[in-house]
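Read the figures in this text as sums done on the coordinates, not as results from a lab. Quick caveat: nothing in here was measured; it's all calculated off a predicted structure. Glycine gets a Cβ as well: all are built from the backbone with ideal geometry, and neighbour counts include every protein chain shown.
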Amino acid sequence: MPDAPKPTTPAALPNAPMACEYQEPLSRFRRERIQDTVVFFGSARFIGMDEAHKQLKLLDNTGSTQLAPEAEQPALDSDSAGDGTVNALKHSRAEAAVEMAAYYEDARKLAHMMTEWSMKLSGRRHRFVITSGGGPGIMEAANRGAWEAGGKTIGLNIKLPFEQMPNPYVTPALNFNFHYFFMRKYWFVYLAKALVVFPGGFGTLDEMFEVLTLDQTNKLAKPITVVIYGSKYWKEVINLKMLADKGAIGLRDLDLFKFADTPEEAFKILTEGLIANHLDAEDLAAMGQGQVSSEPEADTQSLLGPDIAKTLS
């Protein structure tokens with residue numbers, strides 16, 4: 001496994017007109033031959049399994065019945081008191097981190113599988129490129145899996161009061177730093193042909209329901225496959241079936257997404273949806289017969305997308 005690359009500074013999008021946050025990504029996606037994407041949403045707070053186990057071992061003070069001394073414990077929260085309550089809280093958080101690290105590893109594996117599969121597609125442009133918010137956690141896992149598979153991968157970062165550091169696995173030419181949330185969300189959705197929602201918090205919920213609402217109201221130009229990953233987590237967080245039972249949404253709205261609990265299950269749902277909705281017999285027959293050129297695309301914007309498309313309604 002190659003060493004992780006050094007983080008690259010996200011492309012500075014001009015601050016002035018918001019139109020710049022449309023034009024610059026547009027030109028970059030065209031130049032890098034990006035046709036469409038598979039988007040991963042999820043918590044920025046989850047870490048990889050190795051780091052999670054390392055933190056728990058520090059707390060467990062392996063070989064002893066007592067927790068490690070306070071000075072040896074990882075800073076899992078902002079509390080600095082050294083009483084047993086804080087230690088117990090830190091231990092609980094560390095155990096939860098190991099549990100949630102499984103989702104990091106699953107996102108990494110799924111992104112790797114999807115990238116390997118999509119790289120077999122021939123043509124002038126890269127299909128179904130793994131895209132994330134460009135930060136840590138599940139975002140890092142998705143970009144990391146794609147990078148480890150040797151594919152391009154996109155990071156759509158955002159300027160926040162508390163800086164969200166870009167992860168090192170985003171393709172440098174496709175590493176963006178947005179000022180406007182709505183322009184970032186536009187690029188998340190516009191090129192997406194599939195979406196995978198891993199466990200997360202407020203931001204993940206916001207992004208998931210925004211896409212589901214657009215799909216529900218036929219505001220997307222093309223069909224999108226939505227996978228909600230981790231059924232146990234999500235069914236404890238929100239009862240989506242109750243929304244239908246109480247009439248808040250239609251029963252058919254439950255068909256807008258599918259649950260998955262393993263990378264293999266999610267991969268099957270995603271590839272079946274992408275093949276049914278976005279690939280034809282010629283695309284499938286040409287799989288494995290050649291890769292998309294690694295050279296930047298010439299300035300043929302009139303021939304290459306993405307361009308503004310009509311909605312389904």
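Relative to the current alpha-carbon distance between residue 4 and residue 284, full extension at 0.36 nm per residue lengthens the span by 97.5 nm.
Each other residue within a Cβ distance under 9 Å of residue 124 adds +1 if Lys or Arg and -1 if Asp or Glu, for a net charge of +1. With r defined as the distance between the Cβ atoms of residue 232 and residue 268 and R0 fixed at 22 Å, what FRET efficiency is calculated, to the nearest 0.05? So, using R0 = 22 Å, E works out to roughly 0.70.
Summarising the amide proton neighbourhood of residue 158: residues at separation of 5 or more, or on other chains, whose placed amide H is nearer than 5 Å comprise 178. Extension gain, residue 122 to residue 20: 0.36 nm times the residue separation minus the Cα-Cα distance gives 33.6 nm.
Derived scalar couplings between HN and Hα for region 221-229 equal 6, 9, x, 10, 8, 10, 10, 9, 9 Hz in order, rounded to whole Hz, by the Karplus curve 6.51 cos²θ - 1.76 cosθ + 1.60 (θ = phi - 60°), x for Gly and Pro. Across region 33-41, coupling constants 3J(HN,Hα) worked out from phi with the 6.51/-1.76/1.60 Karplus curve, θ = phi - 60°, read 6, 8, 9, 7, 9, 10, 9, 10, 10 Hz, and Gly and Pro carry x.
Within region 100-178, list the GluC sites (Glu not before Pro) lying in a DSSP loop whose Cβ has at most 13 other Cβ atoms in a 10 Å radius. Here the sparse-neighbourhood loop sites are 163. Among 220, 110, 205, a tally of other beta-carbon atoms within 10 Å of each Cβ gives an order, fewest to most, of 205, 220, 110. Placing pseudo-labels 7 Å out from each Cα toward the beta carbon at residue 277 and residue 179 gives an inter-label distance of 3.4 nm.
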